[in-house]
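Below is one structure, written out as structure tokens; comments come after it.
The values are calculated or read from the model by the stated rules, or taken from the named source; none is laboratory data. Just so we're clear, the structure is a prediction, and the values are computed from it rather than from any experiment. Positions of Cβ are backbone-derived with ideal geometry, glycine not excepted, and every protein chain shown enters the neighbour counts. Areas reflect the complete protein model, heavy atoms only, side chains present, ligands, DNA and RNA absent. Shrake-Rupley method; radii C 1.70, N 1.55, O 1.52, S 1.80 Å.
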Amino acid sequence: MNLTAEPRTLTFREALREGLREALAGDERVFLMGEDVGRYGGCFAVSQGLLEEFGEERVRDTPLSESAFVGAGIGAALGGTLPIVEIMTVNFAMLALDQIVNNAATLRHMSGGQLNVPLVVRIPTGPGRQLAAQHSHTLEGWFAHVPGLRVMAPATLEDARGMLAAALADPDPVLVFEQIGLYGVRGELAAPAGPVGLDRAAVRRPGSDVTVVAYGGTLAPALEAAAELASGGVSAEVVDLRTLRPLDTATVIGSVARTHRLVVVDNAWRTGGPGAEVVARVAEEALDELDAPVERIGAVEVPIPYARQLEEAALPSVGRVVEAARRAVG
């Protein structure tokens with residue numbers, strides 16, 4: 001690995017690849033498997049070059065059967081290895097729901113703690129690339145509903161690189177949802193400081209007037225909106241959830257206790273989405289802290305359109321976040 005002490009400019013995709021490379025190099029029990037992860041280099045080029053570096057035993061192309069190769073990953077994890085399974089896009093994860101929800105998530109409980117499933121499943125998710133109704137789903141909330149699973153959503157280069165090591169160290173199954181629209185985003189990445197924590201949300205920008213909660217692909221527009229709001233005299237605190245299960249309610253409530261206003265931004269449809277869970281917990285535990293109605297921003301309740309202007313209209317935007325924050329403050 002060509003890692004230096006100086007920050008480097010990388011894409012989100014390259015940061016993920018660096019995390020994979022570190023995992024494969026650091027532990028012989030780790031292997032990567034999925035559709036086109038080897039010779040093709042991954043559907044979104046995240047695993048490009050890893051087959052040549054680590055060989056076919058460690059980077060395995062699988063048949064086109066999500067149920068089969070996720071099931072194989074569960075069996076491999078039970079057998080003492082540390083599999084990283086890539087599902088091509090989140091809509092294909094529906095074909096492995098039985099394996100993930102009925103097997104991986106439950107085996108520890110149903111075995112009385114005798115069986116652990118240290119499985120990591122990487123799942124590209126979300127809209128923003130004109131993949132239309134077929135491949136633009138945001139379904140992290142479905143999986144965050146299930147006890148026995150840890151559900152993560154990296155939004156920064158540091159988390160993209162560092163979350164994988166922490167996920168592999170977890171004895172239970174971990175799902176890592178990678179926002180498709182972030183893969184090509186470039187940024188500065190510092191030298192690695194070890195695995196990142198998985199249990200705490202992060203305050204990405206401090207503020208005093210309104211809390212804006214985001215995760216994954218909505219963090220960037222939330223931060224951009226906060227910068228625009230600041231130019232108009234509104235101080236927005238931006239909280240990155242990072243992990244959807246277990247949800248770090250304490251950090252969110254701590255922020256709301258400082259600002260007394262809440263805006264939640266989510267690429268998922270509003271009905272039953274992760275944003276709804278955030279709002280429910282604040283209502284249960286900190287209702288008296290709120291000085292204004294909660295503002296929720298989600299995808300319009302339609303299948304995501306293909307046409308660029310229609311796709312953009314269906315999704316949360318910087319402008320919608322700014323308007324919601326101003327309503328809350330006003």
Please compute P(r) over all alpha-carbon pairs of region 8-189, binned at 10 Å starting from zero, and give each bin as a whole-number percent. 10, 41, 39, 10, 1
Filter the GluC sites (Glu not before Pro) in region 37-75 to those in DSSP coil with at most 11 other Cβ atoms within 10 Å of their Cβ, and list the result. E56, E57
Distant-in-sequence amide H partners of Q179 (H built 1.01 Å from N, under 5 Å): T125
Considering only protein heavy atoms and a 1.4 Å probe, what is the carbon-and-sulfur percentage of the accessible area of region 76-118? 57 percent
Give, as a single signed number, the net charge of other residues whose beta carbon lies under 14 Å from the beta carbon of F69, with Lys and Arg counted +1 and Asp and Glu -1. -4
Region 49-80 versus region 237-252: alpha-carbon centroid distance in Å: 31 Å
How much of the accessible area of region 247-330, probe 1.4 Å, is carbon plus sulfur, in whole percent? 53 percent
Per the Kirkwood formula on distinct C-alpha pairs, the Rh of region 198-313 is how many angstrom? 14.4 Å
Would you mind checking the tilt of helix 12-26 against the longest principal axis of the Cα atoms of the chain, expressed as 0 to 90 degrees and rounded to 10? 40 degrees
Kindly write out, for region 37-44 in residue order, the coupling ³J(HN,Hα) from the Karplus curve 6.51 cos²θ - 1.76 cosθ + 1.60 (θ = phi - 60°), rounded to whole Hz, with x marking Gly and Pro. 6, x, 4, 7, x, x, 4, 10
Scoring the chain by relative contact order with C-alpha pairs under 8 Å, at least six apart, yields a percentage of 16 percent
In Å², what does the accessible area per residue of the chain work out to with a 1.4 Å probe? 42 Å²
Write down, largest first, the equivalent ellipsoid semi-axes of region 18-101 in whole Å, where each equals the square root of 5 times an eigenvalue of the alpha-carbon gyration tensor. 20, 16, 10
Inter-probe distance in nm under a simple model that places probes 7 Å from Cα toward Cβ, at A45 and T9: 1.6 nm
Which whole-number percent gives the relative contact order of region 179-282, counting Cα pairs below 8 Å spaced six or more residues apart? 32 percent
